[in-house]
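All remarks here apply to the structure that follows.
The values are calculated or read from the model by the stated rules, or taken from the named source; none is laboratory data. Not measured: the values here are computed from a predicted model. So basically every Cβ, Gly included, is an ideal-geometry build from the backbone, and we count neighbours across all protein chains shown.
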């Protein structure tokens, strides 16, 4: 549906009267009808049929999309101005509710597809180190062997593969994500008002970072570069700026930036 809507929009812009006013209205109207029907039909799962409005509301579709679909099917065709606006907003809705969500899911899967053992080892280290620190501060017999063994096991696992690739594709994304060096609890994170890192966070991760740096001399430099790239707001600003006009993204993708 994204491709169909974009194609009609571009044909409209480049038609130079090759398509009549009525042809354009029919093309836009059909695209909007198929857009709404294609979304709501798959949600029609119960024994009793639900109204298009109810299904659309469940999907988060603006109600006027349904009105446009109804008018295009049963009444006089909406004006070309209204249909053009509907197509542009439909592209924007698909961008926000389908493409961006799937891109994020794909990125998350990509992070985890390389070597799931790496995440297991990191989680084992985190839990065993937490146990050690808890025992240490409650006066119990704190045994470091468990978390030290996790560090050694992680280093051995990395040495069985391409070390630089594992660091770049597995270790760094996990360490710099939420649940790694970034605490899950927002109150535990550094803020603009207080840029200090908590003592608990330092104690939790220092042995692992030191162990990886001892095992792989390039690790510390790669970690710092990855952290700096996370702080580079220029790239993020450019991305957000392009998201303000999702239509232009699709045009560039389908037809090239020079068209």
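Miscellaneous remarks
- Just so you know, in segment 196-221 the residues that are surrounded by 17 or more Cβ atoms within 10 Å (Cβ to Cβ) and more than 27 Å from residue 137 (Cβ to Cβ) include one that is farthest from the chain's Cα centre (by Cα), and it is 216.
- Candidate set from segment 21-57 (those that are at pLDDT below 85, under 26 Å from the mean Cα position of the chain (by Cα) and assigned to a helix (DSSP H, G or I)); member that is surrounded by the fewest Cβ atoms within 10 Å (Cβ to Cβ): 38
- Criterion violated by residue 224 - all others in (1) within 24 Å of the chain's Cα centre (by Cα); (2) modelled with pLDDT under 85 satisfied: (2)
- Segment 58-88, residues that are under 27 Å from the mean Cα position of the chain (by Cα), surrounded by 14 or more Cβ atoms within 10 Å (Cβ to Cβ) and at pLDDT below 85: 59, 61, 62, 65
- Residue 230 vs. criteria free of Cβ contacts under 8 Å to residues at least 60 places away in the same chain and in contact with a helix residue (DSSP H, G or I) (Cβ under 8 Å, 6 or more places away or on another chain): no
- Search result, residues across segment 169-183 that are surrounded by 15 or more Cβ atoms within 10 Å (Cβ to Cβ) and touching a residue at least 40 places away in the same chain (Cβ under 8 Å): 169, 170, 171, 172, 173, 174, 175, 176, 180
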